[in-house]
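J.: Got a structure for you, written out below as structure tokens; questions coming shortly.
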């Protein structure tokens with residue numbers, strides 16, 4: 001048999017069912033039910049009419065769209081040059097540049113907001129330009145990785161062929177490379193549009209009353225104005241737009257996919273002419289600067305006070321009373337502790353559920369695909385929508401869980417679960433099915449064979465998934481904005497509150513916390529990259545390529 | 001004065017000398033075949049002439065002009081690639097007329113000239129065909145027509161007939177030889193097939209005769 005284990009040696013159905021029951025129940029209670037509640041609240045004639053007839057609603061919708069389009073277009077334009085040099089040239093620091101871009105991409109949104117708040121002059125703070133600048137730096141990695149990965153496999157000889165026909169570099173780019181890159185450009189564009197359309201953390205930190213996106217408006221109406229119905233309508237409106245964009249992007253990618261003979265190996269070379277060397281150096285340094293400067297500014301600002309350089313922000317982090325009589329109302333160190341506790345629980349939930357779900361998906365064949373798709377749904381739903389749905393669902397007895405300590409970690413786990421499953425399922429699926437048959441011929445029962453042959457492959461990808469889940473939980477802001485309660489603030493919530501207040505010490509403390517969050521997230525990502533070969537191995541196996549180890 | 005002169009070209013990849021003091025002259029309207037085993041630097045030499053690779057030493061001349069530091073698109077050197085490198089997002093006629101488009105030739109004229117070249121390579125009526133659906137032999141001929149349509153001063157042919165079945169190969173080799181003679185084209189043909197060299201080229205040289213690397 002080519003695909004799957006032979007029927008006789010397959011894991012018994014009852015075992016698969018037992019594995020699947022936990023994830024299905026979790027998904028049903030904490031995702032599908034809140035989602036249905038949200039829809040039920042939104043589908044109400046008068047609420048819909050009332051919300052949609054307000055001019056303010058359309059102002060917000062228009063702003064959401066145009067800032068997302070502007071952010072996407074500028075990110076694509078800025079990202080093409082680094083995508084090109086990463087795809088086509090070998091240069092010192094190339095891996096590091098890709099690593100830095102990726103690290104920036106996985107940073108929490110509030111950190112990115114804080115970093116640009118620290119970097120930009122006061123005149124630009126709280127403007128749409130600050131928001132767009134942060135979106136651009138944040139999402140550069142999408143262009144560089146998506147378009148760059150495609151570009152490096154485009155035959156370089158096709159570009160050379162155009163040059164031998166008289167086309168200048170620019171002509172080659174416009175006539176040959178750009179049209180052939182279109183599938184990857186639409187993919188990257190759609191991803192960036194989705195991220196910036198649902199931008200929440202960056203705008204909470206960098207935006208103002210005039211820069212409200214639908215996400216912000218959902219949060220504002222639900223938590224500040226108590227307009228649950230209106231917020232629900234906007235959530236659904238946003239989901240509808242997202243569905244259209246995803247549908248369009250899928251079609252566009254299919255339409256523009258051409259039968260290009262992509263080269264299996266990359267064709268990178270060192271820059272030879274002085275002009276090329278200058279170009280590569282400038283683009284690499286410029287890109288790195290765009291990424292690192294905001295973070296550096298943030299760290300530096302944590303050492304600034306009204307009277308100059310100072311470590312006060314760091315030394316007073318643990319003191320609820322900053323100066324006699326001046327109380328914070330929140331304790332930064334407690335927020336750090338809360339975040340760590342939340343991350344530990346969220347990671348445990350996501351890892352346990354993700355592990356059994358992945359085992360069930362890999363063992364169940366066709367039926368597993370449904371569970372797989374179901375567990376991916378939270379990715380397509382914004383974290384704000386998830387948090388909002390949970391807030392309005394679990395607010396009445398017997399399910400008034402708003403004060404339960406586990407609600408925030410469960411929300412985080414829901415956001416992280418798709419990432420754990422994606423990391424793990426691929427590896428499990430790549431386990432050679434004939435191994436289970438081989439174990440059976442040696443006398444192992446189907447369950448025993450599965451336990452001895454398949455389950456051992458789980459641990460390494462699960463470690464990667466755990467680190468990702470921890471990073472996601474530490475930085476999660478959208479769902480937490482709805483679910484966290486006073487005294488239970490997490491780091492991102494505390495950063496948002498501190499940066500929203502006046503006073504240089506409080507601001508500096510906000511930057512200090514953002515710096516801590518950056519270091520924690522980047523450390524986790526570096527941890528993940530050490531296990532990178534696990535995912536690489538699974539990928540190659542999935543493509544039917546042999547693996548030399 | 002010879003039309004194309006490659007003078008003491010040296011090029012290294014990492015620590016390996018791929019070419020060392022490679023020297024070759026080609027007269028106007030002469031077709032020279034470069035013979036040699038795989039890895040002997042034949043294709044590398046073509047790429048240096050086309051400006052796709054920069055040599056570490058030596059120079060390339062066309063007539064009295066040193067073109068060593070000219071970018072590819074300003075050299076007037078056409079090249080037929082081993083795997084054709086047709087542009088998959090363009091129709092057959094747009095591929096053939098691409099060089100004319102870059103040169104600023106008006107659409108009607110470039111289509112007319114492109115169609116004439118398609119006719120010359122035996123593909124009349126193929127204008128609207130999707131290049132990814134052409135057979136191996138058809139794709140080779142389109143690649144040849146695309147290169148010749150720009151009337152380059154030197155044509156480089158990198159194993160242009162590799163991968164075809166024997167009968168088609170022999171037929172195309174004769175057709176190619178006729179085209180090159182009819183249009184008095186100066187060309188360098190890279191091949192590892194001495195019989196093909198005999199049919200297409202007016203003179204054959206072995207890589208070890210013109211290059212000092214191991």
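The values are calculated or read from the model by the stated rules, or taken from the named source; none is laboratory data. Just so we're clear, the structure is a prediction, and the values are computed from it rather than from any experiment. With ideal geometry, Cβ positions are generated from the backbone for all residues, glycine too; neighbour counts draw on all protein chains shown.
J.: Give me the residue from the range A:265-315 that is part of a helix (DSSP H, G or I), over 33 Å from the mean Cα position of the chain (by Cα) and surrounded by 14 or more Cβ atoms within 10 Å (Cβ to Cβ) and, out of that set, nearest to the other protein chains (Cβ to nearest Cβ).
T.: So the residue we want is A:276.
J.: Now, a different point. Among the numbered criteria (1) over 19 Å from residue A:240 (Cβ atoms); (2) in a helix (DSSP H, G or I); (3) in contact with a helix residue (DSSP H, G or I) (Cβ under 6 Å, 6 or more places away or on another chain), which single criterion is violated by residue A:28?
T.: Unmet for residue A:28, out of (1) over 19 Å from residue A:240 (Cβ atoms); (2) in a helix (DSSP H, G or I); (3) in contact with a helix residue (DSSP H, G or I) (Cβ under 6 Å, 6 or more places away or on another chain): (3).
J.: I would also like to ask the following. So, in the range A:381-409, exactly how many residues are outside any helix (DSSP H, G or I) and over 17 Å from the mean Cα position of the chain (by Cα)?
T.: 13
J.: Please enumerate the residues belonging to the range B:160-184 that are assigned to a loop (DSSP other than H, G, I, E, B) and surrounded by fewer than 22 Cβ atoms within 10 Å (Cβ to Cβ).
T.: Across the range B:160-184, the qualifying residues are B:162, B:163, B:164, B:165, B:183, B:184.
J.: Still on this model: Failed condition for residue B:105, given (1) closer than 24 Å to residue B:62 by Cα; (2) surrounded by fewer than 24 Cβ atoms within 10 Å (Cβ to Cβ); (3) free of Cβ contacts under 8 Å to residues at least 60 places away in the same chain; (4) more than 10 Å from chain A (Cβ to nearest Cβ), with all others met?
T.: Against the list (1) closer than 24 Å to residue B:62 by Cα; (2) surrounded by fewer than 24 Cβ atoms within 10 Å (Cβ to Cβ); (3) free of Cβ contacts under 8 Å to residues at least 60 places away in the same chain; (4) more than 10 Å from chain A (Cβ to nearest Cβ), residue B:105 comes up short only on (1).
J.: Within the range B:109-123, can one find any residue that is touching a residue at least 12 places away in the same chain (Cβ under 8 Å), crowded, with 20+ Cβ neighbours inside 10 Å, in a loop (DSSP other than H, G, I, E, B) and more than 17 Å from the chain's Cα centre (by Cα)?
T.: Within the range B:109-123, one or more residues are touching a residue at least 12 places away in the same chain (Cβ under 8 Å), crowded, with 20+ Cβ neighbours inside 10 Å, in a loop (DSSP other than H, G, I, E, B) and more than 17 Å from the chain's Cα centre (by Cα).
This table checks each residue for (1) within 28 Å of residue A:340 (Cβ to Cβ); (2) under 32 Å from the mean Cα position of the chain (by Cα); (3) in a helix (DSSP H, G or I).
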site	(1), (2), (3)
A:435	no, no, yes
A:440	no, no, yes
A:449	no, no, yes
A:456	no, yes, yes
A:460	yes, yes, yes
A:467	yes, yes, yes
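One line per residue, one yes/no per condition, for (1) under 19 Å from residue A:209 (Cα atoms); (2) at pLDDT 90 or above:
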{"residue": "A:111", "(1), (2)": "no, yes"}
{"residue": "A:116", "(1), (2)": "yes, yes"}
{"residue": "A:125", "(1), (2)": "yes, no"}
{"residue": "A:129", "(1), (2)": "yes, yes"}
{"residue": "A:139", "(1), (2)": "no, yes"}
{"residue": "A:142", "(1), (2)": "no, no"}
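J.: Need a quick list: strands (runs of 3 or more DSSP E) entirely within the range B:5-96 having at least 2 residues that are surrounded by 15 or more Cβ atoms within 10 Å (Cβ to Cβ) and away from chain A (no Cβ under 12 Å).
T.: B:16-26, B:31-35, B:57-62
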